[in-house]
Structure formats: C-alpha cells, structure tokens
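Undergrad: Quick one: this structure, given as structure tokens, is what I'll be asking you about.
The values are calculated or read from the model by the stated rules, or taken from the named source; none is laboratory data. Worth saying up front: this structure is predicted, and the values here are computed from it rather than measured. Positions of Cβ are generated from backbone atoms using ideal geometry, with glycine treated the same way; all protein chains shown enter the neighbour counts. Just so you know, the surface numbers come from the protein's heavy atoms only, side chains and all, with ligands and any DNA or RNA stripped out. Shrake-Rupley method; radii C 1.70, N 1.55, O 1.52, S 1.80 Å.
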2 protein chains.
Amino acid sequence: MRKAGRRAGDSGTREAILEAARSQFADFGYEGATIRAIAAAAAVDPALVHHFYGSKESLFAAAMQLPVVPSEVITGAISAEALRPGETLGQHMVRFALALWDTHEMRPFQALLRSALTSESAAAMLREFLAEAILGPVASVAKDSDPGQTPFRASLVASHMVGIILTRYVLKIGPIASASADELAAAVGPSLDRYLTGDLR
Amino acid sequence: MRKAGRRAGDSGTREAILEAARSQFADFGYEGATIRAIAAAAAVDPALVHHFYGSKESLFAAAMQLPVVPSEVITGAISAEALRPGETLGQHMVRFALALWDTHEMRPFQALLRSALTSESAAAMLREFLAEAILGPVASVAKDSDPGQTPFRASLVASHMVGIILTRYVLKIGPIASASADELAAAVGPSLDRYLTGDLR
C-alpha cells in the first residue's frame, strides 16, 4: 500500500508523518485530528502510521516533542558552561526559553495546550511530556539536601515559565509581551534561582 | 424596546442579553463591546442591562459564566486587612487564589482560555479583560517610585499566577497539584512580593 519512492522505516517517512501530525493537531486539536487524515497528509497508508507510532496518543506525544528542543538541548542549556559571566542559572533559563520561542513556531505548543484544556488524556500527555523533557533536566540542577523536594522545585520553575510563555506569546499581555529578554531575565531569573536552590519554606 | 411577550426580569430576557453579550464581546473585544450595542442586539433597553448586570465587567463575568467577578475578588484579596498576622501580601494572594479555585468550577476559565488559544479575537478579549479586571487592582498595591514600572509588576504577578493555576488545576503537574496551599504560599509568595515591591533590574 506504500506510495512509490517511499520505503517503510525510512526516516523521511517518519518525519513526514510527524510533520503531518503537527499540522493536523494544530489545525484540528487533539480530538479532531485523525490518523487517517494525518496519513493522507503524509501520503502514506494509515497502517504505516499505526505501525510506527501505535495509537494516536503515542503519535501526538512524538509529534509534540519539538524536534529542535530535545531534552539534551535543555540539559545543555542549563549546564553551568552555558552561563554568561555573572549570569545566574535562573536568568539564563529565562533568556534561553524566550530565545527558543522567539525563533520557533508557536502553533504546536498552542495546539498542545488547547488540547490539554479540552481533554484529560491530552492533559495527561502534556504532563508526561513536561515531566520527561523539562522537569527531568531541570531537576538535575536543583540539587537539594532534601531530594524529596526536587520535583517540587522543578515544577515551580516549569509553572512560572508556562505562565510567562502563555502571557507573552499567546495572550500577549502588554508589559510581558513588550519586555525585552534582558528585562524579563532580570525580573524573573531570581525567582527561578530561588525555586532551584533557595529556601522554600 | 422589549420584544412582545418578554417581561423584564424574565429569565428569557436575561439569557437574550447574555447571548448578545457573548456575541458582541467575541466580535468587538472587551473594550470594543458596549452595553448600548449589547442591549440593541438583545432588543432591550440599555437601562435594563445595567439594572440586571451593573457594570460591563459584571456582564462579561456573567456571559462567560465566571463564578466570580474578578476585580471584586481581587480587590478584597489584596486589601491589607485580609492578611493574617505575619503573612505577606504575596503569600496571601497565593492562598486566596488557591482557595478560590478549590471552591469553584474551573470550566468557564478553561473555556475562555481555550478560546484565546484558538482565536486572536478571543485572545484580545481575554487580554483586555485581564488588563482591566486584574492588572488594575494589582497595580494599585504595586506602589512604585517609577510608576511606568507598575504595569510590568502587575503583569508579572498575573503571569506567575496563571502558570500556577494552569499547572495545578488543568495540567495537574504532580508536585504543584499535590502541594498544600501553605506550601505554595511559602514557595511562591516571596516571588510575588518581589514582583510587587522589589528591585526588578
């Protein structure tokens, strides 16, 4: 059933499927997009999509792992070597996240969040994605005398950044949307530093 | 100006007004919509709209099925009299917001946010509404030697709270969702205090 010129297992085919999935999820939301439509948009058989990715939920999770932001990139971004002289980790994280969003397409994030507001399974998907791609690496730098506290620290950082991203890029709340990366790094960085290593009680 | 068969106070009239309000807010944004135009669309006298709903903000809250009128709640939340002994304003704001969400239905908020993620006109509506209903009261306590800085302070508070609410109640990110109000107030309160009155440069 494959179209001429495409080989199953081909990384080009996988990428075409993920690309089609991102586009369909962005246009129709999690519940509205179908494997059939995604397969059609990628010019492959639906069975091939099932073969590579299993369920729609697995495909969704794979498609929304922004290819330019694997967790290794985040791990690199939060490593001490990436810091400018005099810059704190919190400031660096703000600057890094804003640079990422300033240079990339926001639609997959919006689609993901929209789906999470609609469906508990999509919320679970985003939760799992955040846990794997963001909380893990962030937790690795939130060294704590009480390791039980580390997930709480990482999730406070994620919470704050989600709020900043949402109000700056989606809601476009004036002062947050128009602030420079330096202004936001100076304002928000110390909060993140406190969440990572400060006293939270 | 009422349609035949409608009695003032009639639930049908109220529903017609809310329906007209939803449509006008969606088409013209929060600032662009007027009580006069909403009344005209519902074929009632503007005085009746004022009689039923008071301000434009209250009408918006009713039309969007928000369980509370935000500026009333926020004004109460940020009054100094509401503070417990030894509690900072930032801690109080966190505790207050969580108590509000713990006792009310989240769905209207989710619906509003979902619309904002889908449509630029809905995002504009929510943005304008937040600016008036939330940033205003918060700005009133963010006293600043540089008044030009006040909207930035208020929007940082709003950004952080949006992130906390979203990750705790919608995404249900483990450590944020399971933390007690006291734990979150202790962790997040100092960030809000700094945004309100600290040095942000």
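Undergrad: How do the helices (runs of 4 or more DSSP H) wholly within region B:32-75 filter down when requiring 1 or more residues that are over 20 Å from B:Pro108 (Cα atoms): which remain? First the steps, then the outcome.
TA: Working: elements: B:35-42, B:46-53, B:56-63.
Because the criterion is at least 1 residues that are over 20 Å from B:Pro108 (Cα atoms), the helices (runs of 4 or more DSSP H) in region B:32-75 that meet it are B:35-42, B:46-53.
Undergrad: May I ask you to verify whether A:Val49 is at pLDDT below 80, away from chain B (no Cβ under 12 Å) and in contact with a helix residue (DSSP H, G or I) (Cβ under 7 Å, 6 or more places away or on another chain)?
TA: Values: at pLDDT below 80: no; away from chain B (no Cβ under 12 Å): yes; in contact with a helix residue (DSSP H, G or I) (Cβ under 7 Å, 6 or more places away or on another chain): yes.
Spelling it out, it is not the case that A:Val49 is at pLDDT below 80, away from chain B (no Cβ under 12 Å) and in contact with a helix residue (DSSP H, G or I) (Cβ under 7 Å, 6 or more places away or on another chain).
Undergrad: Further question: Go through region B:122-155 and count every residue that is facing chain A (nearest Cβ under 10 Å) and among the basic types (Lys, Arg).
TA: Result for region B:122-155: 2.
Undergrad: Being surrounded by 14 or more Cβ atoms within 10 Å (Cβ to Cβ), over 23 Å from B:Gly136 (Cα atoms) and among the basic types (Lys, Arg) narrows it down to one residue among B:Arg95, B:Arg14, B:Arg36, B:Arg84; which is it?
TA: Values: B:Arg95 fails: over 23 Å from B:Gly136 (Cα atoms); B:Arg36 fails: surrounded by 14 or more Cβ atoms within 10 Å (Cβ to Cβ); B:Arg84 fails: surrounded by 14 or more Cβ atoms within 10 Å (Cβ to Cβ).
Unique residue meeting the criteria: B:Arg14.
Undergrad: Report, by residue number, each residue of region B:156-178 that is within 10 Å of B:Leu196 (Cα to Cα) and at the interface with chain A (Cβ under 7 Å from one of its Cβ atoms).
TA: Going residue by residue through region B:156-178, those that are within 10 Å of B:Leu196 (Cα to Cα) are B:156-157.
Across region B:156-178, the qualifying residue is only B:Leu156.
Undergrad: Quick one: count up the residues across region B:120-133 that are touching a helix residue (DSSP H, G or I) at 6+ places or on another chain (Cβ under 9 Å) and open to solvent by 40 Å² or more (accessible area, probe 1.4 Å). Steps first, answer last, please.
TA: So in region B:120-133, the residues touching a helix residue (DSSP H, G or I) at 6+ places or on another chain (Cβ under 9 Å) come out as B:121-133.
Now drop any that are not open to solvent by 40 Å² or more (accessible area, probe 1.4 Å), which leaves B:121, B:127-128, B:131-132.
Selection size over region B:120-133: 5.
Undergrad: Let me ask you something else. Mind checking which residues of region B:167-182 are modelled with pLDDT of 90 or more and open to solvent by less than 20 Å² (accessible area, probe 1.4 Å)?
TA: Selection gives B:Thr167, B:Ile176, B:Ala179.
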